[in-house]
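To start, the structure under review is shown below, and the notes come after it.
The values are calculated or read from the model by the stated rules, or taken from the named source; none is laboratory data. All figures in this text were calculated on a predicted structure; none of them were measured in a lab. Glycine also receives a Cβ, built like all others from the backbone with ideal geometry; neighbour counts cover every protein chain displayed.
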Amino acid sequence: MIPGSYFLVLSFVLFALGVAAFFIKRDLITMFMAVEVMLNSANLAFLTFAKSSSALDGQVIVFFVITVAAAEAAVGLAIVLVVFRQKKSIRCDDLDLMKG
Amino acid sequence: MIVSKDRASSVLFLVLAFAALGGVFGLLDAPFVAAVQVLVYAGAIMVLFIFVIMMVDRRNDREPKKKNLASIFAGILAVGLLIELLLAAREMVPGMGNAGPAGSADTAGLGSLLFEKYLYHLEIASILILAALMGAISLARKGTMPK
């Protein structure tokens, strides 16, 4: 039986890796992937607490998080396509339209 | 995923990571969530990513070399966040062991909870999916964007 703290530590490591990838990589698609990694680490933490408290509500929340992540990925990738059509680039350094 | 230069291979690594995370979810007495994770994440969302990379990727669009300062700051931020999270959870972690076999940790209990207690949340989530679908279609459609 694996203690729940291992899963929690794995979730923290995943979240930190997601933050690092979000700020290190400079193109929009990889930044979206980093966001997905962070959402998944939150899912893992929810499931860990749901198991440690013997409640099923955490699994329901994970279900909704997956739903919202799917919606976010669809809209975000559509935005990436539009940006690529206008700028011919998906590097976020090229998106300086609002820089003062 | 961080160190890979190629976006397509980093997507494939991410598929592997999500499938493995689905296995971890299965270890946590959540078989239905594990199945949903593998189907939705490692299947659908990653296929969406691969399609967008296929439409967008160009060979001359590589990572430049001059990003050391931002990478160092990002590494410091990530390590600091990890240490902070571990410190925040340290008091709580020894208390949470395995709380024994959960009583109704099966798919039927999850379904009844989802369709009875959280019915409105489910409906709102479905409306969100519908709105996101229509928004994605209207965004990615050709010919509607101003020049």
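Can you tell me which residues in the range A:65-79 are of a type outside the set (Gly, Ala, Ser) and either buried (at least 19 other Cβ atoms within 10 Å of the Cβ) or in contact with a strand residue (DSSP E or B) (Cβ under 6 Å, 6 or more places away or on another chain) (or both)?
Filtering the range A:65-79 down to residues of a type outside the set (Gly, Ala, Ser) leaves A:65-68, A:72, A:75, A:77, A:79.
Selection gives A:Ile66, A:Thr67, A:Leu77.
Residue check, A:Asp93 against (1) crowded, with 20+ Cβ neighbours inside 10 Å; (2) more than 7 Å from chain B (Cβ to nearest Cβ), all met but one. Which one?
Unmet condition: (1).
Can you go through A:Val35, A:Val13 and tell me which one is within 17 Å of A:Ile66 (Cβ to Cβ) and surrounded by fewer than 21 Cβ atoms within 10 Å (Cβ to Cβ)? Please lay out each step first, then the result.
On the way: A:Val13 fails: within 17 Å of A:Ile66 (Cβ to Cβ).
Testing whether each residue is within 17 Å of A:Ile66 (Cβ to Cβ) and surrounded by fewer than 21 Cβ atoms within 10 Å (Cβ to Cβ) leaves just A:Val35.
Tally time: how many residues in the range A:13-41 are facing chain B (nearest Cβ under 7 Å) and either within 17 Å of A:Ser52 (Cα to Cα) or touching an Asp or Glu at 6+ places or on another chain (Cβ under 7 Å) (or both)?
So the answer is 1.
Do you know which of the residues in the range A:57-100 that are among the polar types (S, T, N, Q) and touching a helix residue (DSSP H, G or I) at 6+ places or on another chain (Cβ under 7 Å) is nearest to B:Tyr118 (Cα to Cα)? Before the answer, list the steps.
Taking the range A:57-100 as the starting set, the residues that turn out to be among the polar types (S, T, N, Q) are A:59, A:67, A:86, A:89.
Next cut, touching a helix residue (DSSP H, G or I) at 6+ places or on another chain (Cβ under 7 Å) only: A:59, A:67.
On the way: A:Gln59: 12, A:Thr67: 14 Å.
Ranking the qualifying residues of the range A:57-100, first place goes to A:Gln59.
Of all residues in the range B:71-100, count the ones that are part of a helix (DSSP H, G or I), exposed (fewer than 12 other Cβ atoms within 10 Å of the Cβ) and at pLDDT below 70.
Within the range B:71-100, residues that are part of a helix (DSSP H, G or I), exposed (fewer than 12 other Cβ atoms within 10 Å of the Cβ) and at pLDDT below 70 number 2.
In this structure, is B:Asp57 touching a Ser or Thr at 6+ places or on another chain (Cβ under 9 Å) and modelled with pLDDT under 80?
In short, no.
For A:Ile90, only one of the following conditions fails: (1) modelled with pLDDT of 85 or more; (2) over 16 Å from the mean Cα position of the chain (by Cα); (3) of a type in the set (A, V, I, L, M). What is its number?
That leaves (1) as the condition not met.
For the condition facing another protein chain (nearest Cβ under 7 Å) and surrounded by 21 or more Cβ atoms within 10 Å (Cβ to Cβ), what is the one hit in A:Val82, A:Val62?
Working: A:Val82 fails: surrounded by 21 or more Cβ atoms within 10 Å (Cβ to Cβ).
Result of the check over A:Val82, A:Val62: A:Val62.
So if I check each of A:Phe64, A:Phe15, which one is in contact with a Ser or Thr (Cβ under 8 Å, 6 or more places away or on another chain), on the phi < 0 side of the Ramachandran plot and at pLDDT 90 or above? Spell out the reasoning first.
Details: A:Phe64 fails: in contact with a Ser or Thr (Cβ under 8 Å, 6 or more places away or on another chain).
Going through A:Phe64, A:Phe15 in turn, the sole match is A:Phe15.
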